[in-house]
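Colleague: Let me begin by handing over the structure; questions about it come next.
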Amino acid sequence: MDDTTRYERLRDRFQNGDIDRRKFLGLIGAAGVAYGVQTPFAKYANAQTVSQVRFDGWGGTVSEAFRKHAFDPYTAKTGITVVDGTFPGGDEYLALVRASKEGEYNIAHLSGVFDYARYYSFGLASALNLDNIPNMKLVMPALTNAFAAVTPDSLSAVPYDYGTTGLAYNRKYISDEEMKEKGAKILIDAAYKGKIGGWSDWRTRIWYGALQTDQDPNNITDIEAVWNAVRAHRDLALKYWASGAELMSLLAEEEIYVTEGWSGRIYALQEQGHDIGYYDPPNGFGWQECLFVLKGSPMAACEELLNFMLDPATSIAVAEGQGYPPALDPTKVDLGSTIPKLPAFDPTGTLSGLTFANPGYWNGNEAEWSETFSRVQRGY
């Protein structure tokens, strides 16, 4: 049985209700392990010397969606359980990869073009043969072009989904009209002191500091004004949150009334019945995620898996599970009734309404800005 047939049969089992989404996603990834996509555990899994294989993702509803659409056929095929893990963080995961032997890690679910550029700069990139990934023709050019600008001669990843880090607010306390009037500056509004939250991520804090001081986040001309805004937010906030689960809990329990948040997590709260609004301010933080193939990976097997993951049936199922629109071009693919309702969804496929981080600009300032934020976070 070839890999494509194997993946298609797994998908058929999911669509027929034989396995749930968690098992489906787990089994797709695990099937890749069993049939050529190497992970740190693959050599042991293939030898049947362990009872478990670990998968590390972003946690929460995102990892659940991937698991629900990929990782149980592996268990059914081999008897080895796929154990779901969570990245300790983007920087920490990169450190693990850099410290590993070439070929130990293969496909990484990276966030942002700046991550793509970072992995490339550290010599971790591969070169995909797009002839082996025919479903790439269904992907929005706006997403592919962003990666091609970094590596014009080849691609090391396929775009997979996108979203925004916009403003989330409890409509019981903040109206839609007030949110649109104040925009990003509501996060430094003293009227909500103690009921404001924020992500403990230096890029996000600086991005919103730029919006709060009426500056272009990709061309900041007064960084001291930005740091003052970051400090103002710090002093008004109840706390910084560090994970999507914590973000959702703070809003659901009404510990905070307003914060920036990830569009898919806010959609999940709305689906749970919470009256949480979501607003992308002008120049709001747009981002995309990709499936990045690391140098030293078995390319044919990885390309086969990526092509399957981009298949509309698979991609749509994952998108509905995690709450983030897929990379598929809505002018070429019927995405169904759920995806057009997701926050950040662009029916035009151009993504012209989103602002993405300039990778060269942000990576070039990372060392200084991340260190400064670390000190600001501690009260400096």
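Colleague: Could you work out the local net charge near TYR173, counting Lys and Arg as +1, Asp and Glu as -1, over the other residues with Cβ closer than 14 Å to its Cβ?
Modeller: Once positives and negatives cancel, what remains is -3.
Colleague: Just to make sure I understand: if all protein chains stay in place, what is the order of ASP201, ASP214 by accessible area at 1.4 Å, largest first?
Modeller: Greatest to least solvent exposure: ASP214, ASP201.
Colleague: Exceeding 32 Å between C-alpha atoms, which entries from my cross-link table qualify? They are LYS137/LYS185; LYS137/LYS295; LYS137/LYS341. Write out the running numbers ahead of the final one.
Modeller: Numbers: LYS137/LYS185 40 Å; LYS137/LYS295 24 Å; LYS137/LYS341 24 Å.
Long pairs (Cα-Cα over 32 Å): LYS137/LYS185.
Colleague: Solvent-accessible area of ARG13, probe 1.4 Å, all protein chains present, reported in Å² to the nearest ten, please.
Modeller: Probe radius 1.4 Å; accessible area of ARG13 about 80 Å².
Colleague: Now for a separate question. Could you put TYR93, TYR105, TYR120 in order of accessible surface area, largest first, with the 1.4 Å probe and the full protein assembly present?
Modeller: Numbers: TYR93 20, TYR105 50, TYR120 115 Å².
Solvent-accessible surface, decreasing: TYR120, TYR105, TYR93.
Colleague: How far, in nm, would the chain grow between ALA190 and THR221 when pulled straight, counting 0.36 nm per residue and subtracting the alpha carbon separation?
Modeller: That works out to 8.6 nm of additional length.
Colleague: Quick one: accessible surface of ILE107, probe radius 1.4 Å, all protein chains present, in square angstrom to the nearest 10.
Modeller: Accessible surface of ILE107 is approximately 50 Å².
Colleague: With the full set of protein chains in place, find how many percent of the accessible area of the stretch 274-344 is carbon and sulfur; take the probe as 1.4 Å.
Modeller: 49
Colleague: To the nearest 10 Å², what's THR348's accessible area with a 1.4 Å probe?
Modeller: Near enough 70 Å² of accessible area.
Colleague: To continue, here is another question. Using the beta-carbon distance between ASP12 and ALA149 and R0 = 56 Å, what value does 1/(1 + (r/R0)^6) give for FRET efficiency, to the nearest 0.05?
Modeller: 0.90
Colleague: To the nearest 0.05, how large is the calculated FRET efficiency for LEU96 and GLU178 if R₀ is 56 Å and r is the Cβ-Cβ distance? List each step's numbers first, then the result.
Modeller: On the way: r = 43 Å, r/R0 = 0.77.
That pair, LEU96 with GLU178, gives E of 0.80.
Colleague: Continuing with the same structure: For the residue pair SER352 and ASN132, what label-to-label distance in nm results when each label sits 7 Å from Cα along the Cα-to-beta-carbon direction?
Modeller: Between SER352 and ASN132, the simple spin-label model gives 3.7 nm.
Colleague: Probe radius 1.4 Å, ligands and nucleic acids left out: which of MET179, MET299, MET248 has the largest accessible area, and how do the rest follow?
Modeller: MET299, MET248, MET179
The values are calculated or read from the model by the stated rules, or taken from the named source; none is laboratory data. Bear in mind the structure is a predicted one, so any value in this text is a computation, not a measurement. Heads up, the Cβs are rebuilt from the backbone with ideal geometry, glycines too, and the neighbour counts pull from every protein chain shown. In case anyone asks, the SASA skips ligands and DNA or RNA and just uses the protein heavy atoms, side chains included. Shrake-Rupley method; radii C 1.70, N 1.55, O 1.52, S 1.80 Å.
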